[in-house]
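One structure is given here, and the rest of the page talks about it.
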């Protein structure tokens, strides 16, 4: 079992908290880099949400 599979198993049922963590981490990176890499950060956040099944926007609504 890969590390990613273990993380997915641990997050099962806590997708909302995982999504908030992804948002918070991305915001921290944007703050520290003064938004220089915001496009890459947003892309990484989207990919993480897809991997962990947390396809929701920052406001909590499902992404279309």
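The values are calculated or read from the model by the stated rules, or taken from the named source; none is laboratory data. Computed from a predicted structure; not experimentally measured. Positions of Cβ are generated from backbone atoms using ideal geometry, with glycine treated the same way; all protein chains shown enter the neighbour counts.
Data table
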read-out: Total residues in region 1-55, condition in a loop (DSSP other than H, G, I, E, B) and modelled with pLDDT under 85; value: 7
read-out: Those residues of region 6-36 which are surrounded by fewer than 15 Cβ atoms within 10 Å (Cβ to Cβ) and farther than 22 Å from residue 53 by Cβ, in sequence order; value: 28, 31, 32, 33, 34, 35, 36
